[in-house]
Each structure stands twice: as C-alpha cells, then as structure tokens.
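Please treat every number below as a calculation from the coordinates, not as lab data. None of the values given here were measured: they were computed from a predicted structure. Quick reminder, even Gly has a Cβ in these numbers, built from the backbone with ideal geometry, and neighbours come from all protein chains shown.
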Amino acid sequence: MLQIKVENGTAKIFTPYNTTFVTKIKNIGGRRWNAAEKCWTVPESEIETVRAIMMEVFGETDLPDETEKVTVRVTFNKRAVADQDSVVLFGKTIARATGRDSGAKIGDDAVLESGEIYSGGSRAHWCTVVKEGTVIKVRNISRAALALETEYDITVAEVEDAGIDRAALIEEKEKLLARLAEIEKLLG
C-alpha cells in the first residue's frame with residue numbers, strides 16, 4: 001500500500017520496502033527516515049517528486065486512479081537471485097530473505113503456486129533465490145506496472161481473477177479517504 005500523509009509541512013511516505021525506492025528517495029534534500037512510524041518524511045513541497053518516484057518504481061502512486069488492476073501468473077524460466085535484497089517484479093516484493101539462514105518469505109499480493117523460494121549465499125553476502133520453474137501468482141498489479149523493466153527471465157500470463165478482493169477494496173478506500181483529507185486541507 002502506498003500512502004502519503006501531510007502534517008505541518010512534512011509529508012510522511014508509507015510504502016512497502018523496495019531498495020530502488022530507498023535509493024531514489026535519498027536523493028531528495030530534507031528527507032529523513034522515521035523509525036518510530038516506519039516511514040520516510042520529506043518536505044511537503046516534494047510530494048510530486050515522491051509520486052514520480054512511486055510511479056517509476058511501483059507503477060502507481062498513493063492517489064486513487066482509474067488504472068485497472070490485474071492478476072498475473074509468473075513463471076521463472078531461470079533461477080532469479082537478488083543479492084542482499086528481495087526479488088521484485090512490477091514494483092512488488094515477490095520473495096524476501098533477510099540473511100543466509102533466514103529462509104525466504106513470499107511477498108504480499110503473491111502466492112507461491114509451485115516451485116521454491118529460499119535464502120542462500122554466505123553469511124556476509126546472502127541472497128534471495130527463486131528456483132527455476134517456480135510459478136507465482138501476483139495480484140493487484142496496475143497495467144502501468146506490467147511495463148516496468150525486469151532483470152529476470154520470466155514468462156507472464158494474465159489470470160482471470162474471480163470474486164471480490166476485499167483487501168484491495170479496503171486499500172483503495174483508505175487511499176480515497178487520504179486523498180479527500182488532502183483536498184480538504186488544500187481548500188482550507
């Protein structure tokens with residue numbers, strides 16, 4: 001879930017962990033990591049810069065949009081390895097390890113259908129690994145995110161997703177309410 005909350009001239013940025021996002025947000029002057037709230041803060045004047053980074057990294061922003069969300073089935077044609085990082089596709093964490101012996105966990109909005117994810121490497125140079133042939137279903141991807149570059153050799157097939165995704169609807173509602181609050185504040 002991507003969210004921006006504005007308080008006293010400061011914007012609090014809430015996103016899933018993504019190394020590329022962290023690298024890019026560190027290029028904004030006045031940015032700080034708020035460990036207590038687990039969010040980045042930037043001057044309110046930099047909200048559009050942050051939204052541009054969100055679009056580049058996640059394929060969407062905190063603003064409610066009309067972008068259609070899709071579910072895809074991803075097959076890893078070759079082993080995918082992320083050195084001291086998560087395996088990320090379409091701006092979403094697919095698998096994440098935190099050390100050589102931590103094992104790997106499947107990301108939010110992802111379902112391991114077949115195959116294996118695991119941690120590996122050495123203690124100092126660990127990695128997250130998705131085994132060749134692994135199939136993972138990934139939900140709530142914006143069409144724009146499908147166009148994001150990937151370093152992995154994968155095959156992507158869109159999946160018909162029957163039923164209501166309650167979590168996605170709740171997330172969309174929260175975004176809408178947050179945006180309405182921003183509008184109210186701007187209108188004074």
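Along each principal axis, taking the top coordinate minus the bottom one, the Cα set of the stretch 69-159 gives 38, 22, 20 Å in descending order.
Per the Cα gyration tensor, the stretch 117-162 maps to an equivalent ellipsoid with semi-axes of 27, 13, 10 Å, ordered largest to smallest. Rounded to the nearest angstrom and listed largest first, the equivalent-ellipsoid semi-axes of the chain from its Cα gyration tensor are 30, 21, 13. Across all directions, the average flat footprint of the convex hull enclosing the Cα atoms of the stretch 3-63 is 3.7 nm². Axis of helix 47-58 versus longest Cα principal axis of the chain: the two differ by about 20°, to the nearest ten degrees.
For the chain, a crude dipole built from +1 on the beta carbon of Lys and Arg and -1 on the beta carbon of Asp and Glu, taken about the Cα centre, is about 660 debye to the nearest 20. If you plug the beta carbon distance of Leu176 and Arg79 into 1/(1 + (r/R0)^6) with R0 = 45 Å, you get a FRET efficiency near 0.65.
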